[in-house]
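Asks: Let me begin by handing over the structure; questions about it come next.
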Number of protein chains: 2
Amino acid sequence: MNTRGEMWQAEILRVLNRHHTPISAYDVLETLRETHEKISPPTIYRALSALTKRGRVHRVESLNAFIACQCGQHQHTSILSICEDCGAVEESVAPKILKDLSSVIGKSGFSPMRHVIEVHGTCASCGSRKAQS
Amino acid sequence: MNTRGEMWQAEILRVLNRHHTPISAYDVLETLRETHEKISPPTIYRALSALTKRGRVHRVESLNAFIACQCGQHQHTSILSICEDCGAVEESVAPKILKDLSSVIGKSGFSPMRHVIEVHGTCASCGSRKAQS
DNA sequence: CGCGCAATGTTATATAGTAACGTAATCGCA
DNA sequence: TGCGATTACGTTACTATATAACATTGCGCG
């Protein structure tokens, strides 16, 4: 079957899992070039979009970067909290918010297909570190 | 005062207002080059970020593009509904959702500074057009 | 086998964004 | 008013992000 494609996905997922912060497609590319000299951008982007479609990876739109899905259940829409101090990203799942959101924007007849919810701010540990000083 | 900077902002806002869909910084650039040959990317980006900071323009993160704020009250966070068929963007304001969102992600101690909420889907008119066929 | 489709590789290029530095306008102040 | 300091703005060049387009490979199937 499509062993090659799946192989890239696995490799990329491994790279992403080594980080706790989102990394760019080109960071992935550079990392993989250490072991696979001839890999090129389209390969990375194809694998990343397959992973994204399968819910294993989230694309962080506001950073143009990618992060491995951290929660057990993939394939749902996650809310991403992005700490602007340390770069850490936390995922939350909140079906109720998605429902409310759909109902608000549905009033005008809009039918939602894909939600992008990203919140920038300060995470707990960076927040307390700042409060201290 | 900084008349030049403000002039660019006004010009750019005029360009954005001529469209009902988000346009990229480089589209703005091309348009302005028709009348100002020597304008260059940093000028556009500086003006766009000033406009964004002032709430006159929204950056659509998931499209890497910009759109003029359509609602009377600027300076609040808007929910953007993006039609993938016609490209139209509709703004909604829903303080309650923002509050719920903050409370969900605040549970872990995260303190939000900036919200990005973008919903891709199909707008009312494109939806009915499709249902018809 | 060998045709045809779908996945992958490869090259090149398009699109988006910013660093760095020079210059000009502006402000504070003697 | 003159002048140094500061900030805004212009300009060049570059870096980063993403995809189009075509070549090649491998695989299913008559």
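The values are calculated or read from the model by the stated rules, or taken from the named source; none is laboratory data. Fair warning: this is a prediction, and the values are worked out from it, not measured in the lab. All Cβ positions, even for glycine, are placed from backbone atoms using ideal geometry, and neighbour counts span all protein chains on display. Note: areas computed on protein heavy atoms with side chains; ligands, DNA, RNA excluded. Shrake-Rupley method; radii C 1.70, N 1.55, O 1.52, S 1.80 Å.
Asks: Which of A:GLY109, A:HIS19, A:ILE82 sits closest to the plus end of the dipole of segment A:3-132, meaning its Cα is farthest towards the positive end, when Lys and Arg get +1 and Asp and Glu get -1 on the C-beta?
Replies: Positive-most Cα among the choices belongs to A:GLY109.
Asks: Using a 1.4 Å probe and ignoring any ligands, DNA or RNA, find the accessible area of A:ASP100 and quote it in Å² to the nearest 10.
Replies: 40
Asks: Rounded to the nearest 0.05, what FRET efficiency do A:MET7 and B:GLU84 have when you use their Cβ-Cβ distance and R0 = 35 Å?
Replies: Details: r = 31 Å, r/R0 = 0.90.
Once rounded, the FRET efficiency stands at 0.65.
Asks: List the GluC sites (Glu not before Pro) within segment B:1-47 that fall in a DSSP loop (any state other than H, G, I, E or B) and whose Cβ has at most 14 other Cβ atoms within 10 Å. The partial results should precede the final answer.
Replies: Working: sites: B:GLU6, B:GLU11, B:GLU30, B:GLU34, B:GLU37; in loops: B:GLU34, B:GLU37.
Taking segment B:1-47 and a limit of 14 other Cβ atoms within 10 Å, the loop GluC sites (Glu not before Pro) found are B:GLU34, B:GLU37.
Asks: Per residue, how big is the convex hull of segment A:13-88 when only Cα atoms are used? Give it in Å³.
Replies: Looking at segment A:13-88, the number lands at 91 Å³ per residue.
Asks: Here's a follow-up. Which angle between 0 and 90 degrees, to the nearest 10, do you get for helix A:3-17 versus the longest principal axis of chain A when only C-alpha atoms count?
Replies: 50
Asks: Given a 10 angstrom Cα cut-off, can you work out which residue in A:LYS107, A:LYS99, A:LYS53 is the most mobile in a GNM of chain A?
Replies: The residue that fluctuates most here is A:LYS107.
Asks: Then there is this: Can you return the lysines within cross-link range of B:LYS96? Criterion is Cα-Cα under 27 Å, with same-chain partners fewer than 8 residues away left out.
Replies: Here the lysines satisfying the reach criterion relative to B:LYS96 are A:LYS96, A:LYS99, A:LYS107, B:LYS53, B:LYS107.
Asks: Of the candidates A:ALA94, A:ALA47, A:ALA65, which one comes out as most mobile in a Gaussian network treatment of chain A with C-alpha springs shorter than 10 Å?
Replies: The residue that fluctuates most here is A:ALA94.
Asks: So what is the relative contact order for segment B:1-88, in percent, with contacts set as C-alpha pairs under 8 Å and at least six apart?
Replies: Relative contact order here is 31 percent.
Asks: Here's another thing I want to ask about it. Using Stokes-Einstein with the Kirkwood hydrodynamic radius over Cα pairs, what translational diffusion coefficient do you get for segment A:3-132 at 20 °C and a viscosity of 1.002 mPa s, in µm²/s rounded to a whole number?
Replies: Value of D from the Cα-based Kirkwood radius: 132 µm²/s.
Asks: A further question on this structure: How many nm is it between the label spots at A:SER128 and B:GLN70, if each spot is 7 Å from the Cα in line with the beta carbon?
Replies: About 4.4 nm separates the two model spin labels.
Asks: May I pose another question? Nearest 100 Å², what total accessible surface is buried between chain B and chain A (probe 1.4 Å)?
Replies: In total, chains B and A hide about 2700 Å² from solvent.
Asks: Rolling a 1.4 angstrom probe over the protein heavy atoms, how many square angstrom per residue are accessible across the protein assembly as shown?
Replies: Computed with neighbouring chains in place, this is 56 Å² per residue.
Asks: Using a Gaussian network model on chain A with a 10 Å cutoff between Cα atoms, which of A:SER78, A:SER40, A:SER49 fluctuates the most?
Replies: Maximum among the listed residues: A:SER40.
Asks: Ignoring ligands, DNA and RNA, what percent of the accessible area of chain A is carbon or sulfur (1.4 Å)?
Replies: C and S fraction of accessible area: 52 percent.
Asks: Kindly identify the protein assembly as shown as rounded, prolate or oblate by the Cα gyration tensor criterion: order the square roots of the eigenvalues as a ≥ b ≥ c, call it rounded if a/c is under 1.5, otherwise compare a/b with b/c, prolate if a/b is larger, else oblate.
Replies: Numbers: a/c = 1.35, a/b = 1.28, b/c = 1.05.
In terms of gyration-tensor shape, rounded.
Asks: Right, next: Based solely on its DSSP helices, what 222 nm [θ] is calculated for the protein assembly as shown when runs of n ≥ 4 H residues each add -39,500 (n - 2.57) and the sum is averaged over all residues, nearest 500 deg cm²/dmol?
Replies: Computed ellipticity for the protein assembly as shown at 222 nm equals -13500 deg cm²/dmol.
Asks: Per-residue mean of other chain beta-carbon atoms within 10 angstrom of the beta-carbon, peptide B:97-106?
Replies: Going residue by residue through B:97-106 and averaging, the value is 5.
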